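First comes the structure, then the notes that go with it.
The values are calculated or read from the model by the stated rules, or taken from the named source; none is laboratory data. Small disclaimer: the values here were computed from a predicted structure and weren't measured. Cβ sites come from the backbone with ideal geometry, for glycine too, and all protein chains shown count toward neighbours.
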Amino acid sequence: MHRRVAVYPGSFDPLTNGHLDIIRRGVEVFDLLIVAIAENSRKSSMFTVEERLEIIREVLVDQPRVEVDAFEGLTVEYAVKRGAVAILRGLRAVLDFEYELQMANMNRKIDPSVETLFMMTSEKYFFVSSQNVKEVSQFGGDISELVPPQVMARLAAKNGLSPRA
Ligand code: ADP
């Protein structure tokens, strides 16, 4: 049988429960979901690509239909190379919409064979972003409901804080 593959690209710096929610729901729709870390030298990151790969693999170890990878260059080209029919993206707020619409249209122009699909965030996570998780954790705030425990521990280590229970 033909496998339906999708690529879920992003920075994942770091992985949040908002990302995880999209991943868990995404695997229900596709046979294989490739979580793909976009290597972007222009964006400064807290975690290296290797660290991010390791974290996501650890968290998703119980998901046989999820693969974790990293790529450089154009997302559509990576998607085609991996035999994907779709690029999956999450939408939180109106703020995401304009940027995502531009990207989706640009990607369709580059290669119309790959469809961009959007999944709405769960109301529990609409306010969660990697950026605000990093900020809150830097000041010792409680992020236990926003990220998986593996990410909490690593953020605490980066910030030189002991992780909160
Ligand atoms: P990028 O730098 O490409 O925006 P991110 O890691 O910030 O990468 O996000 C990857 C994808 O996950 C994007 O489509 C983003 O909109 C989505 N996303 C991020 N946080 C959430 C959330 N809390 N709920 C739903 N989707 C989310």
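Assess whether Phe97 counts as being without any contact (Cβ under 8 Å) to a residue 24 or more places away in the chain, within 11 Å of the ligand (Cβ to nearest atom) and hydrophobic (A, V, I, L, M, F, W, C). Reasoning before the result, please.
On the way: without any contact (Cβ under 8 Å) to a residue 24 or more places away in the chain: yes; within 11 Å of the ligand (Cβ to nearest atom): yes; hydrophobic (A, V, I, L, M, F, W, C): yes.
Against the criterion (without any contact (Cβ under 8 Å) to a residue 24 or more places away in the chain, within 11 Å of the ligand (Cβ to nearest atom) and hydrophobic (A, V, I, L, M, F, W, C)), Phe97 qualifies.
In region 143-165, how many residues are on the phi < 0 side of the Ramachandran plot and either among the small types (Gly, Ala, Ser) or not in a loop (DSSP other than H, G, I, E, B) (or both)?
Of the residues in that region, 14 qualify.
Run Glu115 past the list (1) closer than 28 Å to Val147 by Cα; (2) touching a strand residue (DSSP E or B) at 6+ places or on another chain (Cβ under 8 Å); (3) surrounded by 15 or more Cβ atoms within 10 Å (Cβ to Cβ); (4) not polar (S, T, N, Q) and report the number of the one that doesn't hold.
Result: Glu115 passes all but (1).
Out of the residues in region 13-34 that are in a loop (DSSP other than H, G, I, E, B) and not acidic (Asp, Glu), state the one that is nearest to Ser122 (Cα to Cα).
Going residue by residue through region 13-34, those that are in a loop (DSSP other than H, G, I, E, B) are 13-16, 27-31.
Imposing the further condition that a residue be not acidic (Asp, Glu) reduces the set to 14-16, 27, 29-30.
Details: Pro14: 19, Leu15: 16, Thr16: 13, Val27: 16, Val29: 16, Phe30: 19 Å.
Restricting to residues being in a loop (DSSP other than H, G, I, E, B) and not acidic (Asp, Glu), the top hit is Thr16.
Which condition number does Ala93 fail, the rest of (1) more than 17 Å from the chain's Cα centre (by Cα); (2) loosely packed, with under 12 Cβ neighbours inside 10 Å; (3) under 23 Å from Val27 (Cα atoms) being met?
(1)
Taking Pro149 and the conditions (1) at pLDDT below 95; (2) more than 28 Å from Thr75 (Cβ to Cβ), which numbered condition does it fall short on, given that it satisfies the others?
(1)
Quick grid of which residues meet (1) without any contact (Cβ under 8 Å) to a residue 12 or more places away in the chain; (2) under 15 Å from the mean Cα position of the chain (by Cα):
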| residue | (1), (2) |
| --- | --- |
| Ser45 | no, yes |
| Glu50 | yes, yes |
| Val80 | no, no |
| Val85 | no, no |
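Restrict the check to region 67-85 and report whether at least one residue is surrounded by fewer than 19 Cβ atoms within 10 Å (Cβ to Cβ), under 24 Å from Glu28 (Cβ atoms), at pLDDT 95 or above and within 14 Å of the ligand (Cβ to nearest atom).
No, that holds for no residue.
What residue, of Arg42, Arg4, Arg52, is farther than 21 Å from Glu135 by Cβ and charged (D, E, K, R)? Reasoning before the result, please.
Working: Arg42 fails: farther than 21 Å from Glu135 by Cβ; Arg52 fails: farther than 21 Å from Glu135 by Cβ.
The unique qualifying residue is Arg4.
Scan region 101-142 residue by residue and report those that are in a loop (DSSP other than H, G, I, E, B) and within 13 Å of the ligand (Cβ to nearest atom).
Within region 101-142, the subset in a loop (DSSP other than H, G, I, E, B) is 111-114, 121-122, 126-129, 139-142.
Correct list: Thr121, Ser122, Phe126, Phe127, Val128, Ser129.
Kindly indicate whether Gly73 is in contact with a strand residue (DSSP E or B) (Cβ under 7 Å, 6 or more places away or on another chain), in a loop (DSSP other than H, G, I, E, B) and not charged (D, E, K, R). So that I can check it myself, show each step before the final result.
Values: in contact with a strand residue (DSSP E or B) (Cβ under 7 Å, 6 or more places away or on another chain): no; in a loop (DSSP other than H, G, I, E, B): yes; not charged (D, E, K, R): yes.
No.
Here are some conditions: (1) out of contact with any Leu (no Cβ under 6 Å at 6 or more places or on another chain); (2) more than 9 Å from the ligand (Cβ to nearest atom). Ile56 meets all but one. Which one does it not meet?
(1)
With the checklist (1) of a type in the set (Val, Ile, Thr); (2) part of a loop (DSSP other than H, G, I, E, B); (3) within 16 Å of the ligand (Cβ to nearest atom) in hand, flag the one item Val61 doesn't pass.
(3)
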